[in-house]
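First comes the structure, then the notes that go with it.
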Amino acid sequence: RKEVEQDPGPFNVPEGATVAFNCTYSNSASQSFFWYRQDCRKEPKLLMSVYSSGNEDGRFTAQLNRASQYISLLIRDSKLSDSATYLCVVMMNTGFQKLVFGTGTRLLVSP
Amino acid sequence: SAVISQKPSRDICQRGTSLTIQCQVDSQVTMMFWYRQQPGQSLTLIATANQGSEATYESGFVIDKFPISRPNLTFSTLTVSNMSPEDSSIYLCSVDDDNTGELFFGEGSRLTVL
């Protein structure tokens, strides 16, 4: 089983749609969780951290389910500019802290 | 936040040659990280570079293939040695925010080996 697993997509949605991505992780001792965004041919950039109680930043909502070992990202009212690859990142605690990246979920928002 | 400059941004190299990628940060940082992102794959940590000590390599990566220098707190280099087409990838330099854990990346160096 991969340490961090994501559906690669692509998710094709029209502008204004709501879309959700899930990500599962294998290490139950994982402590910190993040969503990064990577535009085509660009470096990844932090979109948001994921807190235990769930958190929201504008149109973006992140949630953590420790019991089932998954995190989610919800994007409401999709914009064309949301088209990108969304990387799930988990900080694993395997004796030392290590960030593990998922392969990313590609989102395409069309007019 | 940190501003990270990498060069070269891209290069095309012949099999068997070596390429050194440079990474410059606009502030002093304790650790610098080198990642590889192969086409369609996730970012994979190659090694962590600390100033004044040898780099710590992840499983599957060795110093002979990916020698790293860290001469000061703002600069690091990664060399990809004796390249083969399988080394074609994007190589990314990264630093983290000590308080938040956020990673900041350079723009990456896209390497193509013929």
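The values are calculated or read from the model by the stated rules, or taken from the named source; none is laboratory data. Remember, it's a predicted structure, so these values are computed and weren't measured experimentally. Note that we place each Cβ from the backbone using ideal geometry, even for glycine, and neighbour counts take in every protein chain shown. In case anyone asks, the SASA skips ligands and DNA or RNA and just uses the protein heavy atoms, side chains included. Shrake-Rupley method; radii C 1.70, N 1.55, O 1.52, S 1.80 Å.
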Span per principal axis, largest first, for the Cα atoms of the protein assembly as shown (Å): 48, 39, 35
Report ³J(HN,Hα) in whole Hz for each residue of the range A:26-32, in order, from the Karplus equation J = 6.51 cos²θ - 1.76 cosθ + 1.60 where θ = phi - 60°; Gly and Pro get x. 9, 8, 5, 8, 4, 10, 10
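Pairs A:2/A:42; A:2/A:98; B:7/B:65: which are spaced more than 21 Å apart, C-alpha to C-alpha? All intermediate terms of the calculation are to be shown ahead of the outcome.
On the way: A:2/A:42 25 Å; A:2/A:98 15 Å; B:7/B:65 19 Å.
Checking Cα-Cα distances, A:2/A:42 exceed 21 Å.
Work out the FRET efficiency for residue A:80 and residue A:31 from their Cβ-Cβ distance, taking R0 = 30 Å, and round it to the nearest 0.05. Intermediate values should be presented prior to the final figure.
Numbers: r = 35 Å, r/R0 = 1.17.
With a Förster radius of 30 Å, E is 0.30.
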Would you mind checking the range A:33-49 for residues with the amide N under 16 Å from a putative spin-label position 7 Å along Cα→C-beta of residue B:110? A:38-44
Starting from the 7 Å offset along Cα-to-Cβ, what nm value, one decimal, do you get for the label separation of residue B:97 and residue B:5? 2.3 nm
Taking 37 °C and 0.692 mPa s as the conditions, I'd like the Stokes-Einstein D for the range A:7-111 in µm²/s, using the Kirkwood hydrodynamic radius from alpha carbon pairs. 235 µm²/s
I need the Debye-formula profile for the range A:36-79: one equal scatterer per C-alpha, no solvent, reported as log10 I(q)/I(0) at q = 0.13, 0.19, 0.25 1/Å, two decimals. -0.33, -0.66, -0.94
Might you work out the accessible area of residue B:112 for me, using a 1.4 Å probe with all protein chains in place, and round it to the nearest 10 Å²? 60 Å²
Could you state how much accessible area residue A:51 has, in square angstrom rounded to the nearest 10, with a 1.4 Å probe and all protein chains kept in place? 130 Å²
Chain B, convex hull of Cα, quarter of hull surface, nm² -> 6.7 nm²
Given a 1.4 Å probe and heavy atoms of the protein chains only, how would you sort A:2, A:98, largest accessible area at the top? A:2, A:98
